[in-house]
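Worksheet for the structure shown next.
Throughout, read-outs are computed from the coordinates displayed, never taken from laboratory work. Since we're looking at a predicted model, the values are computed, not measured. Cβ placement follows ideal geometry from the backbone for every residue including glycine, while neighbour counts extend to all protein chains displayed.
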Amino acid sequence: MVNAKILINWIYPVPILFLSSMFIGAAQAADELDVNVLYVEQRIERPPVLSNLVVWPEDDGERGAELGVNDNNASGRFLGQKYNLEKLIVAIDENPLIPVRKALAGQSRMVVLNVDAKTLLAIADMPEAADDLLFNARSTDTNLRDDLCRSNVLHTAPSRVMLTDALMQFLNKRKWRNLFLIKGNRPGDIALAESMQRSAKKFQLKIVQEKSWITDADMRRNAAQEVPVFTQARKYDVVVVTDESRDFSQYILYNTWLPRPVVGSSGMRPVAWSPVIEQWGAAQLQSRFEKLSDRSMTEVDYANWAAVRSIGEAVTRINSVQAAEVRQYILSDEFELAGFKGAALNFRAWNGQLRQTVQLVHANAVVANAPIEGFLHARTELDTLGLDEPESRCDAFR
Amino acid sequence: MNSSLAKIVGFTAAAVLPLSMSNLAFAHWAYVSNEKDDTVSVIDTETDEVIKTIDVGERPRGVTLSRDFQTLYICASDSDTVQVMSVVDDKILHELPSGEDPEQFALHPDNKHLYIANEDDAIATVVDVETRTVVAQIDVGVEPEGMAVSHDGKFAIVTSETSNMAHWIDTEAQSIVANTLVDQRPRDAEFTLDDKELWVSSEIGGTVSIIDSESKEITHTLNFAIPGISSDRIQPVGMELTKDGKWAFIALGPSNHVAVVNRDTLEVTDYILVGRRVWHMALTPEQDKLYTTNGVSGDVTVVDVASRKAIKTIKVGRFPWGVTILPSEHVPN
């Protein structure tokens, strides 16, 4: 079977010549290089939560990928590149593997995956995906960057441990050393709590109390009675709560036994993106997104945007749409992406994770930007967040 | 001790004499836009004090003077307009149709065409300042920011921050004739006085690209390293090239330093510590003092060019951004 990508390069040799010299005459724009990105999403079922105020957008992530394609095309028109987003969105009860297998068959592709960890691994392990470049733009599971890493998967979503490291750096800096940990009972909450424990140890903080949340109370009415009793302890500097679906954590604030700040899933949260980020030119990205979607940009939107923009950056610099070449360039020292987060973003060569700053935010403002000043690293301070090379159990990238 | 004191006194006396003689000649005005105060501060460069603060439109950023030094153009980003202010009485004479969210601009040597970057719309707007009409709107890359017009007037440059390009606009045809790919997030563009080179700073890339105006290709890339400061914080933004062709000053954003580049050897010779998050700069007509706007610390640093030292910090409004200097001979009485 003829490889479609090779054919495209063969048909349009002219812009390649000019690009190699980093100067692009306007006239060449007539010959176009098609850059096709496949977007795969499985709609997810959100667990029931107490508050009616917690609403997740239906098109979470999808709009981020769309904006990435728009941004790529705004540059691409000067370079003779045309980016297309082919969407494959499956319903909650549908098996995504069948249509994905079909879409990946017979050609090497660049794919943005807005799916859960289990589906991601199933797709990555398909023989049809072996020559593809996949981006994990949703799952924060640390294992996917560690013992479950796959050489054909790069991650634009941060790992949980990057987020919890950022939080613990902040607590260390503020000398809030004694933590009261409240764990939610859903799998994500438990994984996040484990990550909190790991990061607390790394940054020399002490979990003085640890409790699992009580599931049978309606906190909208009872928080003032239940939470003070639940958080009764002699001494703690801060309450850390893990509640990824935001079921109960918002009711902990101002109800703790001791007057202490709440961090984690409510109060001050470590995030990869938030509508309150406006520094570093982020206001422009926010307003472009709002114009496109009539809502604010979420972390999942950001990870999807970053995946599509990473493809765009690589294709622009190497003028190739070969998945293998794009992957090689993205993992090289040359690659950098301006991600509106205060530093150039690039990927860790040992596990394919996007290095990025993590913002500590509350509902109305950014409190701090991690890595927090003072935490040093021989390579880049960004590597004080998440799995570093020596501790990595990922062999697929070696 | 006495003799060293005498030396200092003697030195000071010698230095004071030419200064006092030139009192009238050297009292320029530096106009500083305060992004979060909706004001422009005016600094007298002889005393280095703020002599007045003028209310202007919302979120003022780019500021530039007309070629005859009679009017100040102000990009009032959130008012979606360019204001034209008389330097004589600080009155806003009129507003120009600038397109949405104007951030930076450059005035053509013809004193007639203003090239404006419209950050949110990915376009550059060309306005005739006499007829106050839009002459052309040119599609450019995402988040256009830096603007420059060559001294011979042939090319206008706009840099697009997210597309990472310098677009070359032919000012006759008002259309893009070439694009040069540079490092991440290009912020500022400056032509050398002979127009042979275009300098483009890349904030996130941490570099300055020197581009040959003939071939439109990068001939050299400047890198920066300051001991004890993380490379992530070294973010080149504003640039000032001295008229004698010997030196370049590069503002390095949140590293709080200005780099001094020897343009013969293309080496960085000094890093000058200034205020926090240094954005843009302006040199006096004599090229003896450099004024830097420091966004986070809300002040302006005065750098003595000869000694490469910061000599004074002047408090201005919140988030000072742009700066331009009105030569003393045009300062109103």
Quiz item: If one puts a single equal scatterer on every Cα of chain B and applies the Debye formula without solvent, what log₁₀ I(q)/I(0) results at q = 0.06, 0.13, 0.15, 0.16 Å⁻¹?
Solution: -0.20, -0.94, -1.26, -1.44
Practice problem: Mind pulling the angle between the C-alpha long axis of helix A:299-318 and the longest principal axis of chain A? Nearest 10 degrees, somewhere in 0 to 90. | Solution: 30 degrees
Self-check item: Mean projected area (nm²) of the alpha-carbon convex hull when segment A:177-218 is viewed from all directions
Solution: 3.1 nm²
Self-check item: Cα pair count fraction exceeding 19 Å, expressed as % - segment B:244-311
Solution: 25 percent
Quiz prompt | Overall Cα dimensions of segment A:99-207, principal axis frame, Å, largest first | solution = 56, 26, 19
Exercise. Please work out the Cα convex hull volume for segment A:115-155 and give it in Å³ per residue.
Key: 59 Å³
Exercise. Report the full-extension gain for the segment A:Tyr254 to A:Ser51: residue separation times 0.36 nm, less the Cα-Cα distance, to one decimal in nm.
Key: 71.4 nm
Quiz item: Roughly what angle does helix A:187-202 make with the longest principal axis of chain A, taking Cα atoms, 0 to 90 degrees, to the nearest 10?
Solution: 80 degrees
Quiz item: In Å, the Kirkwood hydrodynamic radius of chain A over pairs of distinct alpha carbons?
Solution: 22.1 Å
Quiz item: What are the semi-axes of the equivalent ellipsoid for segment A:161-271, taken as the square roots of 5 times the Cα gyration tensor eigenvalues, largest first, in whole Å?
Solution: 21, 16, 11
Quiz item: So what is log10(I(q)/I(0)) for segment A:275-361 at q = 0.18 1/Å, when the Debye sum runs over its Cα atoms only?
Solution: -0.83
Self-check item: Rotationally averaged projected area of the protein assembly as shown (alpha carbon convex hull; nm²)
Solution: 36.2 nm²
Exercise. Quick one: P(r) of segment B:216-333 from all Cα-Cα pairs, 10 Å bins, percents rounded to integers, in order of increasing distance.
Key: 14, 45, 32, 8, 1
Quiz prompt | Modelled FRET efficiency - R0 35 Å, B:Asp170 with B:Lys52, Cβ distances, 0.05 increments | solution = 0.30
Quiz item: Normalised by the residues of chain A, what does the relative contact order come to in percent, with Cα pairs under 8 Å and at least six apart?
Solution: 20 percent
Quiz prompt | Debye log10 I(q)/I(0) for segment B:40-175, one point scatterer per Cα, at q = 0.20, 0.21 Å⁻¹ | solution = -1.13, -1.21
Exercise. Quick one: angle between helix B:2-21 and the longest Cα principal axis of chain B, in degrees between 0 and 90, rounded to 10, please.
Key: 50 degrees
